[in-house]
1. Give the residue, chosen from 152, 109, that is part of a loop (DSSP other than H, G, I, E, B), among the β-branched types (Val, Ile, Thr) and in the same structural domain as residue 86 (by TED's automatic domain parsing).
2. Which pairs have Cβ atoms under 8 Å, sit 6 or more apart or on different chains, and link a residue in the stretch 111-134 that is under 16 Å from residue 82 (Cβ atoms) to one that is among the polar types (S, T, N, Q) and surrounded by fewer than 17 Cβ atoms within 10 Å (Cβ to Cβ)?
3. Only one of 47, 88, 15 is modelled with pLDDT of 60 or more and touching a Cys at 6+ places or on another chain (Cβ under 7 Å). Can you tell me which?
4. Which of the residues spanning the stretch 53-100 are in a strand (DSSP E or B) and among the β-branched types (Val, Ile, Thr)?
5. For the subset of the stretch 62-106 comprising residues that are charged (D, E, K, R) and in the same structural domain as residue 144 (by TED's automatic domain parsing), which member is nearest to the chain's Cα centre (by Cα)?
Amino acid sequence: MTQHDERAQAPDAESLARSMLQLMGHGAEDEGHAHPASDAPANGSWSKAPDFAGDPVRLAAVREATAADRQRYLTSGLVPVDCRFCHSTVAVKKLGPEHTAVQWNSEATARCAYFSEIRAEGGDPSRSRSCPKMSDSIKHAVAEGCLEEFSTAPSPGDG
């Protein structure tokens, strides 16, 4: 093979990866040893986070903390508000005068008289901006002091 042929031939992925690792300061001392990728499960899945399968106590603690974080993220600062017209209840957080986060659940959506009317006419309530009666109820909750106009709850990421 001539020198020109060697330059035209593309390196294989393994040698390219090894040279990139060496360039970054990794791999020289690891040559001949198993690399982290070879520790991946046989089913081919990969995760950056350890699974703690060998430490059931820590695994349980991580799962509990994850569930608590998820719950805090989904409910931080939300207050239940009852519609004064049809008594459906939604979770609300006021983020400012023009921004209101409203979490509807299946029961509230089914019970809402405005959404029922839309469904009865053959429409899709999910295409509606909101229920005007619920919007009025939210404004009333703010006026009555049941809901903060600007939520003081910490953002979910502030732990």
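The values are calculated or read from the model by the stated rules, or taken from the named source; none is laboratory data. For clarity, every value in this text was computed on a predicted model and none was experimentally measured. Every residue, glycine among them, receives a Cβ derived from its backbone with ideal geometry; neighbour counts consider all protein chains shown.
1. Working: 109 fails: part of a loop (DSSP other than H, G, I, E, B).
Of 152, 109, the one residue that is part of a loop (DSSP other than H, G, I, E, B), among the β-branched types (Val, Ile, Thr) and in the same structural domain as residue 86 (by TED's automatic domain parsing) is 152.
2. 114/128; 115/109; 115/128
3. Of the residues listed, the single one that is modelled with pLDDT of 60 or more and touching a Cys at 6+ places or on another chain (Cβ under 7 Å) is 88.
4. Initially, the stretch 53-100 is screened for residues in a strand (DSSP E or B), giving 79-82, 89-96, 99-100.
Those that are in a strand (DSSP E or B) and among the β-branched types (Val, Ile, Thr): 79, 81, 89, 90, 92, 100.
5. So in the stretch 62-106, the residues charged (D, E, K, R) come out as 63-64, 69-70, 72, 82, 84, 93-94, 98.
From what is left, the residues that are in the same structural domain as residue 144 (by TED's automatic domain parsing) are 82, 84, 93-94, 98.
Numbers: 82: 27, 84: 32, 93: 18, 94: 20, 98: 24 Å.
For the stretch 62-106, the residue satisfying everything is 93.
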